[in-house]
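What follows is one structure encoded as structure tokens, with my remarks underneath.
The values are calculated or read from the model by the stated rules, or taken from the named source; none is laboratory data. What you are looking at is a predicted structure, and each value in this text was computed from that prediction instead of being measured. Here the Cβ is made from the backbone with ideal geometry for all residues, glycine too, and neighbour counts use every protein chain on show. To get the accessible areas, we keep the full protein, side chains included, count just its heavy atoms, and leave off ligands, DNA and RNA. Shrake-Rupley method; radii C 1.70, N 1.55, O 1.52, S 1.80 Å.
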Protein chains: 2
Amino acid sequence: LDVASIELARARQLQLTKPAGSLGRLEDIAVQLAGVTRNAMPEIQRRAVVVMAADHGVTAEGVSAFPKDVTPQMVLNFLTGGAAINVLARQADAAVTVVDIGVDADLQHPQLLSRKVRSGTANMAQEAAMSRQEALQAIGIGVEVLERLASEGLDLVATGEMGIGNTTAASAITACLLNVPAKDVTGRGTGIDDQQLANKVRIIERAIAQNNPDIDQPLDVLAKVGGLEIAGLVGVILAAAARRIPVVLDGFISSAAGLVAYALCPTVKDYLLAGHLSVELGHRLILEKLGLEPLLNLHLRLGEGTGAVLAMHIIEGALRTHREMSTFAEAGVSDKA
Amino acid sequence: LDVASIELARARQLQLTKPAGSLGRLEDIAVQLAGVTRNAMPEIQRRAVVVMAADHGVTAEGVSAFPKDVTPQMVLNFLTGGAAINVLARQADAAVTVVDIGVDADLQHPQLLSRKVRSGTANMAQEAAMSRQEALQAIGIGVEVLERLASEGLDLVATGEMGIGNTTAASAITACLLNVPAKDVTGRGTGIDDQQLANKVRIIERAIAQNNPDIDQPLDVLAKVGGLEIAGLVGVILAAAARRIPVVLDGFISSAAGLVAYALCPTVKDYLLAGHLSVELGHRLILEKLGLEPLLNLHLRLGEGTGAVLAMHIIEGALRTHREMSTFAEAGVSDKA
């Protein structure tokens, strides 16, 4: 982060007409984004959310409450503007980019970025979800998508995803990279019951035992027990950080991608904001590891980028107060007694 | 609340293209506002924040980090658009109404509603802050201001305030109405140190001992140890609830007004949303009493209505997803397996 811009932003915050520190997290955000963007008066003009969609072979093990057909159905819903992410992105004035990075169905739509690496991952309870080559290819697609958006102008990007079964992959990644038991990072996803949850934990344990990923090798973990959309988001996050574009993480799956990106390149965390705290168990542990405090806690568990895009309003408020408020001198207001 | 509209809103939420409950608090908000507005598809067109400003005689006891001159200075800052509430209200498309309900200075401005009940309260450490008649007059002004806004069209109102020393009044009210020790509900306000905090607690204890308000009589508490801006907000809240206009409470001082309104009329709580959780100690206790869960927790402690207006984006997201998302049937998406 750019120290000079951070110092200037901090100094400005102390001059604005409010008690020092009284805007709490808003002040922190303004200072962080000054450092990210090398601009003491950061401004966000263009916002985007990248929604990466893929299927998961592990759904054959009954880990999800919804059938896998829902992945392509929801992709079409994104493309026709009827999903939660569309509504919330319209509200936040964020462009939605939908990427088929591995949906197990033939999808065609003029607005769809078709970048299918393969038609869903393999069933990780039996074999590696994908090869290392495929994981790298998916990361590369994320980089390409971010570069494409950046070339059109981009000041803030949110991560989003769709993929029936992807909380299972996110839990497996998190268990490996945080080196914690699967049960501590496995939740109910779209809404499974107690028995299904116990099964989901067993399947994740089996996938880890079966594939034995090297937990010190994030790419090995990502390929063996990850997902294509998660790999794609790793690329988005790394490319955004490299271009000094701040990234708003959405929930558990997006944050699992953030965790992989962090394991590959620890400085990436300076460019991240946590949009919200998901209901999913593992999410809090990832955010603690990344040193991120979520901006919202609204008991969301939808994904798609919804929590990240909602948090954009808070980020906008942080930058607007930073830029637009009067200073004590300008307003003729007395400072602290 | 209107049960039929609530049932219709709940039924709609179950048909939208998302796992049931996955939008968390957003779903609760949509259902609550359906009940408040008697409309299963609630919509917010016109937003406002009412900023009530007044002075506090108790500042003579050194309870605040800022000199009392800051009250009129900040009122002028509100009127020229340079304060945090102006910036955040512009972002949220909320009109700002500034009311001088008891500032201890001669203020003139075409945009200012001049409704001075008296030039600041008396020093409650020595005598009653105001008479019961003055408290009732201030409540009446809040009612008048809300009625004026409602007559121009109003769908959502936030409470805001300005008054050096008003966390002292809010703590005293809260200690009385929740029947808890002053030290449990007294914080650092605009930023006092440990010694000043200990003094602030002693002053509140003295004010309560000196005036001996009847804790079962909210008007007695409000008059003896309250503030004019707090009384004004009580009127705003009661009048909004009576007109079925939802109210977003801001932080500790606004919520103290909410607590008085609730003590006067318990059903008022159904019409309230808690914008955020303030750093001020007593705020959490008030929200627990009112059964409200804050929408944001951004370590704000500024007041003015800032947290409430920021929360309007969340409320808007709740209503937009409720209205605009496709249903499973419309989108051809499979429901739960």
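Numerical summary
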{"item": "Members of region A:14-23 that are open to solvent by less than 10 Å² (accessible area, probe 1.4 Å) and under 29 Å from the mean Cα position of the chain (by Cα)", "result": "A:S22, A:L23"}
{"item": "Boolean, A:D270 is at pLDDT 95 or above, closer than 25 Å to A:R38 by Cα and within 14 Å of chain B (Cβ to nearest Cβ)", "result": "no"}
{"item": "Number of positions in region A:284-337 that are more than 7 Å from chain B (Cβ to nearest Cβ), in contact (Cβ under 8 Å) with a residue 24 or more places away in the chain and acidic (D, E)", "result": "2"}
{"item": "Filter pass, B:L149 being over 18 Å from B:A169 (Cα atoms) and either within 14 Å of chain A (Cβ to nearest Cβ) or in contact with a helix residue (DSSP H, G or I) (Cβ under 7 Å, 6 or more places away or on another chain) (or both)", "result": "no"}
{"item": "Residue tally, condition more than 10 Å from chain B (Cβ to nearest Cβ) and open to solvent by less than 10 Å² (accessible area, probe 1.4 Å), over region A:56-70", "result": "3"}
{"item": "Tally of residues being in contact (Cβ under 8 Å) with a residue 40 or more places away in the chain and more than 13 Å from the chain's Cα centre (by Cα) across region A:240-252", "result": "3"}
{"item": "Matching entry among A:A48, A:A34, A:A30, A:A11 (being open to solvent by 10 Å² or more (accessible area, probe 1.4 Å) and either of a type in the set (G, A, S) or at pLDDT 95 or above (or both))", "result": "A:A11"}
{"item": "Helices (runs of 4 or more DSSP H) enclosed by region B:281-337 - at least 1 residues per element that are over 25 Å from A:L79 (Cβ atoms) and not assigned by TED's automatic domain parsing to the domain that holds B:L26", "result": "B:281-290, B:306-324"}
{"item": "Region A:75-97, subset at the interface with chain B (Cβ under 7 Å from one of its Cβ atoms) and open to solvent by less than 10 Å² (accessible area, probe 1.4 Å), residue farthest from B:E330 (Cα to Cα)", "result": "A:L88"}
{"item": "Region A:300-331, residues that are among the β-branched types (V, I, T) and open to solvent by 10 Å² or more (accessible area, probe 1.4 Å)", "result": "A:T327"}
{"item": "Evaluation of A:S334 against (1) of a type in the set (G, A, S); (2) open to solvent by less than 30 Å² (accessible area, probe 1.4 Å); (3) in contact with a Pro (Cβ under 7 Å, 6 or more places away or on another chain) (one fails), failing number", "result": "(2)"}
{"item": "Any chance B:P213 is surrounded by 16 or more Cβ atoms within 10 Å (Cβ to Cβ), free of Cβ contacts under 8 Å to residues at least 60 places away in the same chain, in contact with a Leu (Cβ under 8 Å, 6 or more places away or on another chain) and not hydroxyl-bearing (S, T, Y)", "result": "no"}
{"item": "Residue in region A:249-259 that is open to solvent by 10 Å² or more (accessible area, probe 1.4 Å), charged (D, E, K, R) and within 21 Å of A:M312 (Cβ to Cβ) present", "result": "no"}
{"item": "Residue count, region A:157-204 (criterion: of a type outside the set (A, V, I, L, M, F, W, C), surrounded by 18 or more Cβ atoms within 10 Å (Cβ to Cβ) and out of contact with any strand residue (DSSP E or B) (no Cβ under 9 Å at 6 or more places or on another chain))", "result": "11"}
{"item": "Residue in region B:64-86 that is closer than 30 Å to B:A4 by Cα and not charged (D, E, K, R) present", "result": "no"}
{"item": "For A:A242: the one exception among (1) more than 14 Å from chain B (Cβ to nearest Cβ); (2) of a type in the set (A, V, I, L, M, F, W, C); (3) touching a helix residue (DSSP H, G or I) at 6+ places or on another chain (Cβ under 7 Å)", "result": "(3)"}
{"item": "Qualifying positions in region B:253-266 - in contact (Cβ under 8 Å) with a residue 24 or more places away in the chain and assigned to a helix (DSSP H, G or I)", "result": "B:I253, B:S254, B:S255, B:A256, B:A257, B:G258, B:L259, B:V260, B:A261, B:Y262, B:A263, B:L264"}
{"item": "Any hit, region A:322-332, residues being closer than 16 Å to A:A158 by Cα and not β-branched (V, I, T)", "result": "no"}
{"item": "Options A:V157, A:V87; residue that is without any contact (Cβ under 8 Å) to a residue 12 or more places away in the chain and not hydroxyl-bearing (S, T, Y)", "result": "A:V87"}
